[in-house]
Amino acid sequence: ALKYIEHLPDQDYHIMLLKAVCYSQANLSAQAIKFYEDCLKEKNNLKVKKQLLNCLKKSHMWTKAADILKELAIDDPKNEIKYLHQQAEYLIKGNKESEALDLLYKIIYLQPNDQQSIRAIVWCNLKIREPQKALRYWDKISEKKAEDWLNKGHIHWAMLQEGEAFTCYNKYFELMPDKDKAKSLFLEDALMLAAYGIDRTSISLMLQAIGV
C-alpha cells in the first residue's frame, strides 16, 4: 500500500489523509505527522487532530502534543478537564513544568480536590525549585501513597532538613514491598536533587543510612 500511495499527488485532502493513516499504521510517525498537519491546514477536524496526537506521543514530541491538546480543549469543551490533564502531563514530560503549573492550577480551581493534579503540582514545584510551595500542596493530598512520602523526603532535603527527609524516606521504603524497585525510583530523581546541590554521593549515604 505504501508503494502505491507514495506516487499519488499530495494536493487532494483525502489522499493526504490516506497517506497519513498508512504511514501511521506502518509506524512511520514522522511522515504521518507531516500529512496529518497538512490535512489540518486544509480542514479543522477533531478526529484528525486525535490521530496526529497519537503520532506525536509515539515520537515523544511532547510540546507539540500539548499544543494539539490545547486546540482539542477548545474544539471539544465538554472534555476540557481531560485535555488539561493530558496537556499538563505532556508539558511535564517535555520539562516545561512552569507551563504545566498554569494548567494544573486551573484544574484545581475547577476541581479543588483533584488529587492527580495536586500531586503533579507538588512535583512541578520541586522541579522549579519551589520546595515551600511543594510542601503546601503536599499537605492537600488526602490519601498519602508511597510516592508521596518519597516526594516529601525530597522537599525536606531540598530545604536542608535532612532529619525530616530521612523520616519520610523511611516511610517510603516501608510502604514499598519491592525494595529494589523503590531504590530505582529514588535514583531516577537524582537529577532533580542535583539542582539543589545534592550529589550522588550524598544520595548513596542517605540510602545507606536507611539500610537499602
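The values are calculated or read from the model by the stated rules, or taken from the named source; none is laboratory data. Predicted model, so just to flag it, every value in this text is computed and none were measured. Neighbour counts run over all protein chains shown; Cβ positions are idealised from the backbone, glycine included. When the accessible area is computed, the model is the full protein with side chains, heavy atoms only, and any ligands, DNA or RNA have been set aside. Shrake-Rupley method; radii C 1.70, N 1.55, O 1.52, S 1.80 Å.
General remarks:
- Each eigenvalue of the Cα gyration tensor of segment 157-212, multiplied by 5 and square-rooted, gives one semi-axis; in descending order these are 18, 13, 10 Å.
- Accessible area of residue 55 in the full protein assembly, 1.4 Å probe (Å², nearest 10): 0
- Gyration tensor (Cα) of segment 37-124, equivalent ellipsoid semi-axes in angstrom: 24, 15, 9
- Charged side chains reduced to their Cβ positions (Lys and Arg at +1, Asp and Glu at -1) give the chain a dipole of some 220 debye around its Cα centre.
- Phi angles across segment 196-212 convert, under the Karplus curve 6.51 cos²θ - 1.76 cosθ + 1.60 with θ = phi - 60°, into 3J(HN,Hα) values of 9, x, 9, 8, 5, 5, 5, 5, 4, 5, 5, 5, 5, 5, 6, x, 10 Hz, Gly and Pro given as x.
- Look at the dipole of the chain built from charges on Cβ: of 197, 113, 150, the Cα furthest out on the positive end belongs to 113.
- With protein chains left intact and a 1.4 Å probe, residues in the chain average 56 Å² of accessible area per residue.
- The structure-derived value of Rg and Dmax of the Cα atoms in Å appears in the list (i) 24.7, 82; (ii) 21.8, 67; (iii) 23.3, 67 under the label (ii).
- Accessible area per residue (1.4 Å probe, heavy atoms of protein chains only) ranks 97, 71, 80 as 71, 80, 97, with the largest value leading.
- Accessible heavy-atom area order of 14, 85, highest first, probe of 1.4 Å: 14, 85
- Available extension along the chain between residue 102 and residue 160 is 18.1 nm, counting 0.36 nm per residue and deducting the alpha carbon span.
- For residue 212, the solvent-accessible surface computed with a 1.4 Å probe is close to 50 Å², ligands and nucleic acids excluded.
- Taking 63, 201 and ordering them by how much accessible surface each has at a 1.4 Å probe, largest first, produces 201, 63.
- The lysines within cross-link reach of residue 43, meaning a Cα-to-Cα straight distance under 28 Å and a gap of 8 or more places when in the same chain, are 3, 19, 34, 57, 58, 64, 70, 78, 82.
- Model label points for residue 147 and residue 41, set 7 angstrom from Cα along the Cα-to-Cβ axis, are 3.9 nm apart.
- Per-residue SASA remark: residue 67, around 80 Å² accessible (1.4 Å probe; ligands, DNA and RNA not included).
- Net lengthening on full extension, residue 80/residue 139 (0.36 nm per residue, minus Cα-Cα): 18.6 nm
- Sulfur and carbon atoms: percent of accessible area, segment 12-165 [1.4 Å]: 49
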